Amino acid sequence: MEVGTSQMLSPTVLPIGAAPDIRYSSANPRIAEINAFGRVTAISTGITTITISADGVRAQTIVTVIDETKVTEIDLDYKETMLVGTSQVIFPSLLPAEATADIFYSSSDTKVAVVNIFCRITALSSGEATITIASDTVKMPIIITVIDEIKATGIDFDYNDIMTVGTSQILSLTVLPAEAVPKITYSSVAPGIAEVNDFGRTTAISSGTTAITISTDDVEKHIYVATERIDVADIFITMQPSNAYEIIPSVPSVFPENADQNMTFISTNDNIASVNENGVVTAHSPGRASIIASNFDSSTAITIVVNEGSTLSDMKDEAIAQDPPQGKSNSHILASQIHEALEGATISVNGSDYTQLNADVVI
């Protein structure tokens, strides 16, 4: 037994039905004493013998009294941040497990947060308060921050990125942290393709691609829209040394419209043709180079041919001005001229109006 604790002895008398006068005694009442009802109380550390007698029959039991197991640590699990008007109950764990002690609770600022005898903490107003959980040997202070609202720091969502016209879906959102209860707004970049209401219900209106924007507090998320293509005005350009050409994108240059419209330009051979950040190409020496226009999601290539002779525009004008031979077209004449300019590059003619270079560039 621990010093200061008590227990009741419950002797069994035989035979059953006997009702003798039972007496109790302690060999050393300074260590453990026992009263007439069999309640043993530990007084100080040590070992003593408790004797129970009835009608000349005796029984004995040894009682060992030890010092009280003191609390050395208090373990807690609690929420550090609370909203005004909310409560939480803390269940402190005393260590070591066999330790017993009375626990007391207090708040450093009862205007911010109060705590009752059951360790229920109630947030009253914004600010900070220190809640102290204490036994006779250990104190455990914790800081509780009370705020008017918990702002969202992140948004996660689940959705189907392909929809059939006329169908709907509800965007499934997870706001972080879980305690945040923010106002969420939705918008569509192209409502004519897909519209979204105040509850996140998205309805497909017509074929195409759009982006849905979800925002709350200081957080904004966009459903990703992949680049379908990048368009420029010309994809095959002939130039003479020292000439300059500006790559002119269509408007918009990146499809769909809500994809990233910011483009960068690089040349595969700066010695033949270089390009600056604005898409202006400068020809330097005869040869062929490619200018890559990219928005880091998709890219397109513009072929640059630098020669000392006629430019592609000159060739086109010359070809159109000529009368093609029987069974030929102006595009055949142009193809022949380009063939000479490119010094043997593969050229094929599609129909009577288009010339295709290297099977991937159409003029």
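Looking for something buried (at least 18 other Cβ atoms within 10 Å of the Cβ), modelled with pLDDT under 85 and more than 26 Å from the chain's Cα centre (by Cα) - is there at least one such residue anywhere in the stretch 213-231?
yes
Within the stretch 88-106, track down each residue that is under 22 Å from Gly4 (Cα atoms) and open to solvent by 60 Å² or more (accessible area, probe 1.4 Å).
Leu95, Ala97, Glu98, Thr100, Asp102, Phe104
For Glu257, all conditions in the list (1) open to solvent by 70 Å² or more (accessible area, probe 1.4 Å); (2) at pLDDT 80 or above; (3) not in a strand (DSSP E or B) hold save one; what is the number of the exception?
(2)
Which residues, taken from the stretch 80-114, are in contact with an Asp or Glu (Cβ under 9 Å, 6 or more places away or on another chain) and free of Cβ contacts under 8 Å to residues at least 24 places away in the same chain?
Passing the criteria: Ser93, Asp109.
Say we look at the stretch 108-155 and pick out the residues that are closer than 12 Å to Pro92 by Cβ and not aliphatic (A, V, I, L, M); which of these is surrounded by the fewest Cβ atoms within 10 Å (Cβ to Cβ)?
Phe118
Of the residues that sit in the stretch 156-179 and are hydrophobic (A, V, I, L, M, F, W, C) and under 26 Å from Ala129 (Cβ atoms), which one is surrounded by the most Cβ atoms within 10 Å (Cβ to Cβ)?
Quick first cut of the stretch 156-179, residues hydrophobic (A, V, I, L, M, F, W, C) only: 157, 162-163, 165, 170-171, 173, 175-176, 178.
With under 26 Å from Ala129 (Cβ atoms) added as a condition, the list becomes 176, 178.
On the way: Leu176: 12, Ala178: 8.
Among those residues, the one meeting the criterion is Leu176.
Name every residue in the stretch 180-198 that is open to solvent by 70 Å² or more (accessible area, probe 1.4 Å) and either among the basic types (Lys, Arg) or under 15 Å from Thr213 (Cβ atoms) (or both), in order of residue number.
Step one: filter the stretch 180-198 for residues open to solvent by 70 Å² or more (accessible area, probe 1.4 Å), giving 181, 183, 189, 191, 195, 198.
Across the stretch 180-198, the qualifying residues are Lys183, Val189, Pro191, Glu195, Asp198.
Can you name the residue in the stretch 74-87 that is surrounded by 16 or more Cβ atoms within 10 Å (Cβ to Cβ) and β-branched (Val, Ile, Thr) and, of all such residues, is farthest from the chain's Cα centre (by Cα)?
So the residue we want is Ile74.
Considering only residues that are farther than 11 Å from Ile247 by Cβ and within 38 Å of the chain's Cα centre (by Cα), which ones fall in the stretch 274-292? Write out each step before concluding.
First pass over the stretch 274-292, keeping only residues farther than 11 Å from Ile247 by Cβ: 274, 277, 282-290.
The answer is Glu277, and nothing else.
One line per residue, one yes/no per condition, for (1) buried (at least 17 other Cβ atoms within 10 Å of the Cβ); (2) modelled with pLDDT under 80; (3) within 45 Å of the chain's Cα centre (by Cα):
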{"residue": "Ser253", "(1), (2), (3)": "yes, yes, yes"}
{"residue": "Asn262", "(1), (2), (3)": "no, yes, yes"}
{"residue": "Asp270", "(1), (2), (3)": "no, no, yes"}
{"residue": "Phe296", "(1), (2), (3)": "no, yes, yes"}
{"residue": "Ser299", "(1), (2), (3)": "no, yes, yes"}
{"residue": "Val306", "(1), (2), (3)": "yes, no, no"}
{"residue": "Lys316", "(1), (2), (3)": "yes, yes, no"}
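Of all residues in the stretch 199-212 being at pLDDT below 85 and hydroxyl-bearing (Ser, Thr, Tyr), which is least open to solvent (accessible area, probe 1.4 Å)?
Here the answer is Thr210.
Looking only at the stretch 232-251, filter to residues that are open to solvent by less than 40 Å² (accessible area, probe 1.4 Å) and more than 13 Å from Gly279 (Cβ to Cβ); which one of those is modelled with the highest pLDDT?
Taking the stretch 232-251 first, the residues open to solvent by less than 40 Å² (accessible area, probe 1.4 Å) are 232, 236-239, 241, 247.
The next check asks that each one be more than 13 Å from Gly279 (Cβ to Cβ); those that pass are 236, 238-239, 241.
Details: Phe236: 81, Thr238: 82, Met239: 85, Pro241: 88.
Top of the filtered list is Pro241.
Tally time: how many residues in the stretch 1-47 are among the β-branched types (Val, Ile, Thr), more than 19 Å from Thr64 (Cβ to Cβ) and either at pLDDT 90 or above or surrounded by 16 or more Cβ atoms within 10 Å (Cβ to Cβ) (or both)?
Here is the first cut: in the stretch 1-47, the residues among the β-branched types (Val, Ile, Thr) are 3, 5, 12-13, 16, 22, 31, 34, 40-41, 43, 45, 47.
Retained after the next criterion (residues that are more than 19 Å from Thr64 (Cβ to Cβ)): 12-13, 16, 22.
Cutting the leftovers down to either at pLDDT 90 or above or surrounded by 16 or more Cβ atoms within 10 Å (Cβ to Cβ) (or both) gives us 22.
Of the residues in that region, 1 qualify.
If you check Val71, Val57, which single one turns out to be surrounded by 16 or more Cβ atoms within 10 Å (Cβ to Cβ), modelled with pLDDT under 95 and farther than 30 Å from Ser125 by Cα?
On the way: Val57 fails: surrounded by 16 or more Cβ atoms within 10 Å (Cβ to Cβ).
None of the other options fit; the residue is Val71.
Looking only at the stretch 4-44, which residues are in a loop (DSSP other than H, G, I, E, B) and in contact with a Lys or Arg (Cβ under 9 Å, 6 or more places away or on another chain)?
Leu9, Ala36, Ile43, Ser44
The values are calculated or read from the model by the stated rules, or taken from the named source; none is laboratory data. Just so we're clear, the structure is a prediction, and the values are computed from it rather than from any experiment. Quick reminder, even Gly has a Cβ in these numbers, built from the backbone with ideal geometry, and neighbours come from all protein chains shown. Keep in mind that these areas ignore ligands, DNA and RNA; they rest on the heavy atoms of the full protein, side chains included. Shrake-Rupley method; radii C 1.70, N 1.55, O 1.52, S 1.80 Å.
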